[in-house]
Amino acid sequence: MPQRIPHILSIAGSDSGGGAGIQADLKTFSAFGCYGMTAITAVTSQNSLGVHWIEQLSAQSVDTQIHAVVADFGVHAVKVGMLGSEAMVQCVAQAIKKYELEQVVIDPVLVATSGATLGDKGTATTIAKHLFPLAKLITPNLYEASVFLGKEVKTPNQMKEAATELLKMGPPAVLLKGGHLEGGDELLDLLAYQEQGQIILKEFHHLKIHTKNSHGTGCTLSSAIACGLGSGLSLSDAVNVGIDFVQQALVHGSQLNIGQGAGSLWHAYEQYSQIAEK
């Protein structure tokens, strides 16, 4: 009897440097033993030093990519990453409804690790209006949360307020990533969701990995969570497993020489640790 494995779809932009976007998503899917599929929204020319060019694909191209994989393979979970424009956001929202896609993890990408802008305020507003209500989980970082809420989010207490306010914008759950918290060696990611009319806040504490090779961290985390959900894990367990995976990928990637700037995580650490045993 052929084995059935989770089929995970990434709707995101392509990163020619292989560190983030579609490329990071596919590496993550493989690391989790899932079958990865893609709908590419944009092609970027980038490396570890920055983004040099962005070219958006047409809405028709993205819709037909999604239709093709749904019609043949079926989809157990979806990760949505870089969309880049209001028109693309609306296209993807329509596709999620049309093809009845579930277990949707939305990483509302607005800026690259290098600082390049991948979405403006108008795009953020459209994401909140059209995509948040369709998500199982959204995974903004502190900068993105600040854009959505129109105010700075810099401290743990502000994170708690922000996560609660983001829930009111439509998604059933929010994972607010604290990777940009200032000071200290411990980081906080905050999961917020509603249960029996109550807002539940669950904290995930982990050590800060000091490395320049952090390109694709957000893409990898959202993809790992999508793999967990597609495999049948609860939301909390999927988030926990995803955070642990990113931590290990950061640790193992920290000792690699990948590019002159912000290198990638090492997704294949379980197969090839690349860390010498002491």
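Only one entry of Ala68, Ala59 meets the criterion of being in contact with a Cys (Cβ under 8 Å, 6 or more places away or on another chain), among the small types (Gly, Ala, Ser), surrounded by fewer than 21 Cβ atoms within 10 Å (Cβ to Cβ) and modelled with pLDDT of 95 or more, and that entry is Ala59. One residue alone among Ile40, Ile66, Ile54 is in contact (Cβ under 8 Å) with a residue 24 or more places away in the chain, out of contact with any Asp or Glu (no Cβ under 6 Å at 6 or more places or on another chain) and part of a helix (DSSP H, G or I), and that residue is Ile66. Applying the set (1) closer than 14 Å to Gly21 by Cβ; (2) open to solvent by 30 Å² or more (accessible area, probe 1.4 Å); (3) modelled with pLDDT of 95 or more to Ile54 leaves exactly one unmet item: (3).
Within segment 1-23, which residues are under 17 Å from Phe73 (Cβ atoms), in contact with a helix residue (DSSP H, G or I) (Cβ under 7 Å, 6 or more places away or on another chain) and polar (S, T, N, Q)? Passing the criteria: only Ser10.
Yes/no per residue for (1) buried (at least 17 other Cβ atoms within 10 Å of the Cβ); (2) among the hydroxyl-bearing types (Ser, Thr, Tyr); (3) at pLDDT below 95:
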position	(1), (2), (3)
Ser85	yes, yes, yes
Lys98	no, no, no
Val105	yes, no, no
Val109	yes, no, yes
Thr123	yes, yes, yes
Leu131	yes, no, no
Lys136	yes, no, no
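In segment 227-265, which residues are buried (at least 24 other Cβ atoms within 10 Å of the Cβ) and closer than 30 Å to Leu101 by Cα? Result: Cys227, Gly228, Leu229, Gly230, Ala238, Val239, Gly242, Phe245, Val246, Ala249, Ser264, Leu265.
The values are calculated or read from the model by the stated rules, or taken from the named source; none is laboratory data. Every value quoted in this text rests on a predicted model; they were computed, and no experiment measured them. Every residue, glycine as well, gets a Cβ built from its backbone with ideal geometry; the counts of neighbours run over all protein chains shown. Surface areas here come from the heavy atoms of the whole protein model, side chains and all, with no ligands, DNA or RNA. Shrake-Rupley method; radii C 1.70, N 1.55, O 1.52, S 1.80 Å.
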